[in-house]
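As structure tokens, the structure follows; a few thoughts come after it.
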Amino acid sequence: MPADNLPPAAGYAPDDRVMVSPRYMAGAGDRIADAIGPLIHLFGWSTQHDATTGHLKIDSPDGSLFCDFDPVHPLGQWWTIAHHEPYWEVQFSCQAPLEAVAAVTQALPQLLGDTRHAERIPITDMPMDQLAELNGWSVESDGGLNSPDWYCQLLHTPDEDITWRAWHAFYEKQPLATFTRDTPEGLVRTFFAHLATPTAVERAYAEVPLSTRYEHSALITPVRGAVINPHFDHSLAQLDRPRPRSR
């Protein structure tokens, strides 16, 4: 579907399925099973689940690493991943795209030496500056990375307890993600690779943040009625759009 024939944002019903890019504008989405399921079903991590609140805690077989999902957290801090020795912690907010969150959670068993399915769940080894260049992000002199539209940044503060922080202009009071000192950099790279890629993600329209629906730097296209497939149609629409100006 040509970009100039796409329906306006107001023309979508709440349950319409849409493709959204860039990913850092898409919100979390509903693919929670992708972040949780592999740990349980492929790697045998144990679970504690509160059906009333949806709170879920998943522990590694050796007890050294856990993943905590709390969808009713008062500050919107949905995900906490923590390792005991050495201690490090990763947190994701309720606006972090689940595709990027799942890339991190699925890679956790490899950190503990469980290499089953490693060929299907790779940990990104490309350096951060190369990942940035590949996806059109700019690299600052201090190592920080800026999205093409400058709405999203990955800040690097190596002298602080939180050494990496994914920040978004629309959610300035709540970082998308934080990584403390001693967090394996492979997890940071993997998260960034799945956050920064221009490949669109699917959402119900009601899940797309209000700020994104009417922000011109974001692109929303319908799933229903795609000529070939929704990803292909979205890619064609991306080609028709002017690139964001650098600052």
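The values are calculated or read from the model by the stated rules, or taken from the named source; none is laboratory data. Please read all numbers here as calculations on a predicted model, not as lab measurements. In this analysis, Cβ positions are derived from the backbone assuming ideal geometry, glycine residues included, and neighbour counts consider all displayed protein chains. Side chains are part of the model used for accessible areas, which takes the heavy atoms of the whole protein and leaves out ligands, DNA and RNA. Shrake-Rupley method; radii C 1.70, N 1.55, O 1.52, S 1.80 Å.
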- At 0.36 nm per residue, minus the direct Cα-Cα distance, what do Gln48 and Glu119 gain on full extension? Give it in nm, one decimal, please. 22.7 nm
- Item | Given charges at Cβ of Lys, Arg, Asp, Glu: region 109-207 dipole, positive-most of Pro148, Gly113, Phe179 | Gly113
- Message: I'd like to check one number: the per residue accessible area of the chain, probe 1.4 Å, reported in Å² as a whole number.
- Response: 50 Å²
- Multiply the residue separation of Ala82 and Glu140 by 0.36 nm, subtract the distance between their alpha-carbon atoms, and state the gained length in nm to one decimal. 18.0 nm
- Note on the structure: If one builds a Gaussian network model of the chain from Cα atoms under 10 Å apart, the most fluctuating residue listed among Pro122, Pro97, Pro74 is Pro74
- So how tilted is helix 185-196 from the main axis of the chain? Cα-based, degrees 0 to 90, rounded to 10. 20 degrees
- Message: I'd like the carbon and sulfur percentage of the solvent accessible area for the chain, probe radius 1.4 Å, heavy atoms only, ligands and nucleic acids excluded.
- Response: 52 percent
- If we restrict to alpha carbons, what Rg and Dmax does region 54-183 come to, in Å? 15.2, 43
- Task: In a Gaussian network model over the chain where Cα atoms closer than 10 Å are linked, find which of His55, His156, His216 has the largest mean-square fluctuation.
- Result: His216
- Query: On a 0 to 90 degree scale, rounded to 10, what angle separates helix 32-41 from the longest Cα axis of the chain?
  - Reply: 30 degrees
